[in-house]
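The values are calculated or read from the model by the stated rules, or taken from the named source; none is laboratory data. Because the structure is predicted, anything quoted here is derived from the model rather than measured. Virtual Cβ from ideal backbone geometry, glycine too; neighbours counted across all protein chains shown.
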DNA sequence: GATGAATGAGGCTTCATTCAT
DNA sequence: GATGAATGAAGCCTCATTCAT
């Protein structure tokens, strides 16, 4: 992931920035952004507290950078997944890939899903270009597939993101089956993609054929 | 709102609790839960800081109580809106009423939409019975309307909530047209209900008739 | 001192503000402004750290307030000392009273003399009206006494303040005779007034009578 | 300035030490000693942060060295200025040269005038031999000129330094006329020497001849 | 019940100093 | 000698909560 950026400014530098970012992701996912302490991120990254401030302006910047880094990653993977496919297949690939990513990177998903919202308090001042990109890509697929007859593509894109996000949230919040809490069991988020696809393509209509 | 609830338990007491809750809603919506100060809530409610602790255990309890209070309200309104309708109409009424509520109570919507997420860090320890109720009602409608053939009703319910929530978020974050920021203009959230209905009922399929 | 201000806003409030201010004076005098810790001031004042911020905006404000408070006091005493005197006597009273004040309130003198300078970094942004008052009073005396023939009164006022300030500094920095350091013994600062008076009135001229 | 001193000990080494010292002077003058960052001094000097510690023990040492270096310079110039003059002329030369130096080297003056005070917190532990030399020279002149009849020479020396220092401070703090702040305009510090001389020699006495 | 002054624990951040290269 | 990335101690300040009135 972001292998190329490792060459941006010498190998060590990016390495450490990356380590801090991943540590922040784990810590933010574990405790939530506000409850998380910068010193915990440092500990998790194996660096001194002050080192974080060599790479990030402040705690907020850590969160914003995390978003940008992850969303860019998500967008890159989604683009790779839909490349060369027919429009109708692109939509399915987009949905499946997104949920697969959530499945593969739960910490990232938690931050993107849960903390992103909270940081919408941030977002009010900070326009997230990568997220706009995400919606634009999805909207483009819908238009290309001719799925914008009845509902504007940008609106559909938002609604689809809403579905995916809510599914991701439910999955993320469901504790692992082992920790015998009161939490619902983890469902199969990858198979849930079919539900989204079904809903988006033909709706929940009772009678498919009359 | 909920003027009648002022009679729930004693006349003045509930009044003050209510005032604090509404003040908290405005403050949390304005600053976000974590950034909001208890003393600001007190000021907004016109009571002393200490008074809040006569009605609520702590700041977290204020947020939780707010959720329960609002979700109960939302559920009550939704139940009233679908009462006596045919299943297919119930779904439309549910969707329209929900978005209408968001439109009428933006502060409540902001807290429910934005802060609820963030407090899912809370939610991990705290199961929200009113939200479960919300999903159960929606799922029940889907089942009654026979819209659970291809997708389990509980899954559809979540996805529909996801759509509604995302639309609410987009609307809430869109600044009022007056404050000429860089924010997108407020769209008509009430009319957006039709898009949700269309998507849920028949999907985005390109060719409605072949 | 400033007995009247005790009635400004209830008795307790001013009392505590006063206590903090005097504690800050002692701590700043002991360690210097920058090296002094807010928590030490709190400890010295017998209040919690946070209490300081109920009365002062921040650490800088503590210093500024100290200046204003002390200089106002100094000005009041000086005015009382010169009241009703003939111009020539006023000058002598002014000088004697100032050095007497330094003698009586060494902590205040240290802050005014030593920290005031350093805070001239502050002063660059903050115009001290009380100090301006001090100079104006002194200049007025010189003019009234007809001592502005050869040198503008405002310039003389500054030079006289320079002498007084330097004497105060030398006296303040001289350790008490007990602490057998390498520091010069404390001289009699009150008697030093005569030197200032002599210098200002007739200069150091070798031959008084020819 | 002090180009000759570059040959004191090795050619390049002293050069770098010198550069750091002059950089520190500018930075300390600009921000004040405490607010100044070692890394800013390094940047100004065009060396790495760590390099500073090859030439100075620590930040304090940087300030102390600056004093010694500058005061030695000042003393050297003053001695050169009074050399070979008659005692009465020596005093005038001393005063004029000092203020001329302030005029020519404002950054140096700011550090000597403003930061020296603040570092009297340092001074309590550190006896400044060069400053003692300064006072001894001035006292010697007074004694030689027979101006120690009524006031001890060492006391007069201190008072004269106080006048000079205060004038320097007022001049240093007066913003340049260009930066249209609320600051008083720069006065002519060189001409101010005449006021000091007048005051020291014959006082402010109203009637010069009786 | 109501008040709001007081508390004090704790986090973010800075920055002098070090040391491996 | 020179570098500058890394360190980590330490302080200012905030703010949820308490409790005497």
*Could we say that residue B:146 is crowded, with 16+ Cβ neighbours inside 10 Å and either in the same structural domain as residue B:74 (by TED's automatic domain parsing) or farther than 22 Å from residue A:193 by Cβ (or both) here?*
no
*asked:* Can you go through D:207, D:198, D:124 and tell me which one is surrounded by fewer than 22 Cβ atoms within 10 Å (Cβ to Cβ), within 7 Å of another protein chain (Cβ to nearest Cβ) and modelled with pLDDT under 90?
replied: D:124
*Which ones in segment B:25-44 are buried (at least 18 other Cβ atoms within 10 Å of the Cβ) and within 18 Å of the chain's Cα centre (by Cα)?*
B:25, B:26, B:27, B:28, B:29, B:32, B:33
*Exactly one condition in (1) more than 16 Å from DNA strand E (Cβ to nearest atom); (2) modelled with pLDDT under 95; (3) crowded, with 18+ Cβ neighbours inside 10 Å is not met by residue B:98; state its number.*
(2)
*Considering A:153, A:174, A:157, which residue is more than 30 Å from residue B:30 (Cβ to Cβ) and at pLDDT 95 or above?*
A:153
*What residue, among those in segment A:30-51 that are part of a helix (DSSP H, G or I) and near DNA strand F (Cβ under 8 Å from one of its atoms), is farthest from the other protein chains (Cβ to nearest Cβ)?*
A:42
*Among (1) crowded, with 22+ Cβ neighbours inside 10 Å; (2) modelled with pLDDT under 95; (3) more than 10 Å from chain B (Cβ to nearest Cβ) - the single one residue A:169 does not satisfy*: (3)
*Contacts under 8 angstrom Cβ, first residue in segment C:59-87 being away from every other protein chain (no Cβ under 14 Å), partner within 16 Å of DNA strand E (Cβ to nearest atom) and not in a helix (DSSP H, G or I), 6 or more apart*: C:62/C:56; C:65/C:56
*Number of the condition not met by residue D:115 [criteria: (1) within 11 Å of chain C (Cβ to nearest Cβ); (2) at pLDDT 85 or above; (3) farther than 25 Å from residue C:142 by Cα]*: (2)
_Hits in segment C:137-162 - residues which are at the interface with chain D (Cβ under 10 Å from one of its Cβ atoms) and under 14 Å from residue C:97 (Cα atoms)_ = C:160, C:161
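Yes/no per residue for (1) within 10 Å of DNA strand E (Cβ to nearest atom); (2) modelled with pLDDT of 95 or more:
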site	(1), (2)
C:46	yes, yes
C:50	yes, yes
C:61	no, no
C:71	no, no
C:79	no, yes
C:82	no, yes
C:88	no, no
*Could you identify the single residue in A:25, A:18 that is touching a residue at least 40 places away in the same chain (Cβ under 8 Å) and either within 13 Å of DNA strand E (Cβ to nearest atom) or in a helix (DSSP H, G or I) (or both)?*
A:25
